[in-house]
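Enquirer: Attaching a single structure in structure tokens format; questions to follow.
The values are calculated or read from the model by the stated rules, or taken from the named source; none is laboratory data. Everything quoted here is computed from the prediction, not taken from an experiment. Don't worry about glycine lacking a Cβ; one is built from the backbone with ideal geometry, like all the others, and counts go over all protein chains shown. Heavy atoms of the whole protein, side chains included, go into the accessibility calculation; ligands, DNA and RNA do not. Shrake-Rupley method; radii C 1.70, N 1.55, O 1.52, S 1.80 Å.
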Amino acid sequence: MPEEQVILMDIASNAYVMLPPSLAASFDRLCRQEPLDDRDTQGMAMLLQAGIFVQQEEQGAILPCSLPVEPTCGFDERDLPGWSARDLLQAILALGRARYALRQHDLAGILVRIRDQKESFSGAARPSTDRRARAIAAAFYRLNALVTRYDQCLLRSLAMMHCLLANRVPANLVFGVATRPFRAHCWLQHGGLVLNDTLEGIGNYTPILVV
């Protein structure tokens, strides 16, 4: 992504903010922990007032988002065997829960609950987790052909994450952005396996948040 383009995710309002070049330069100096001049501090104050930045007592570097594991393969039709009617039913119910959650709750609260659920069980992979992850992904792949307007990546990812957590399968929810034109996307990874997209599908997106 070009250096002058800085895109931030405002989780509280479920929106993306692209900083103008002047603020992007100030933000870059802030990340590099370089001295800020008056124009920089004025810009940072504007972002604090808008609620895009939050001031904390602890001091530390602002680090770029990075994936715990780089994606190595995506889901494709070779992964379809292994799912069951129960997996498909769980996927249908999870889709309804995710749609209701997005209508009734803000994204920030939803992501906090996902973090809490993930922390409630050990993330250590078991021999069965890879098979379960692929079976759940296959059920959602089938559901994609049955449910209309099922092209919303956030809805799809939240629903699948619910099934994965219910089966104690560790996974990461990844938010990414691309520019020229601006696009936002999210997907799920179980280790290096992308569960609801292909490597080509996520290839142009830069991760900015991993849950």
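Enquirer: With a point put 7 Å past each Cα toward its Cβ, work out how far Arg142 is from Ala184 in nm, to one decimal.
Expert: 3.3
Enquirer: Where does helix 107-119 land angle-wise versus the long Cα axis of the chain, in degrees 0 to 90, nearest 10?
Expert: 60
Enquirer: Quick check on the chain: what are the equivalent-ellipsoid semi-axes from the Cα gyration tensor, as sqrt(5λ), descending, whole Å?
Expert: Semi-axes, largest first: 35, 17, 17 Å.
Enquirer: Using modelled amide H (1.01 Å from N, peptide plane; none on Pro or chain starts), what sits under 5 Å from the amide H of Asp197, excluding residues fewer than 5 places away?
Expert: Phe75
Enquirer: Most mobile of Asn172, Asn196, Asn144 per a Gaussian network model of the chain (Cα springs, under 10 Å)?
Expert: Asn144
Enquirer: Another question, if that's okay. Amide H to amide H under 5 Å from Tyr16: which residues, 5+ apart in sequence or cross-chain, H placed 1.01 Å off N in plane?
Expert: Those qualifying (amide H under 5 Å, at least 5 residues apart or on another chain) are Asp10.
Enquirer: Another question, then. Among Val112, Val54, Val17, determine the one that fluctuates most according to a GNM of the chain built with springs between C-alpha atoms less than 10 Å apart.
Expert: Taking springs between Cα atoms under 10 Å, the residue moving most is Val54.
Enquirer: Further question on the same structure: Using 1/(1 + (r/R0)^6) with R0 = 45 angstrom and r between the beta carbons of Ser84 and Ala50, what's the FRET efficiency to the nearest 0.05?
Expert: That gives a FRET efficiency of 0.40.
Enquirer: Related question: I'd like the orientation of helix 21-31 relative to the chain: the angle between its Cα long axis and the longest Cα principal axis, in ° from 0 to 90, rounded to 10.
Expert: That works out to roughly 80 degrees.
Enquirer: What do you get for the angle between helix 38-49 and the principal long axis of the chain? Use alpha-carbon atoms, 0 to 90 degrees, nearest ten.
Expert: 40
Enquirer: Could I ask something else about it? Of the accessible area of the chain, with the probe set at 1.4 angstrom, what percent is carbon plus sulfur?
Expert: 52
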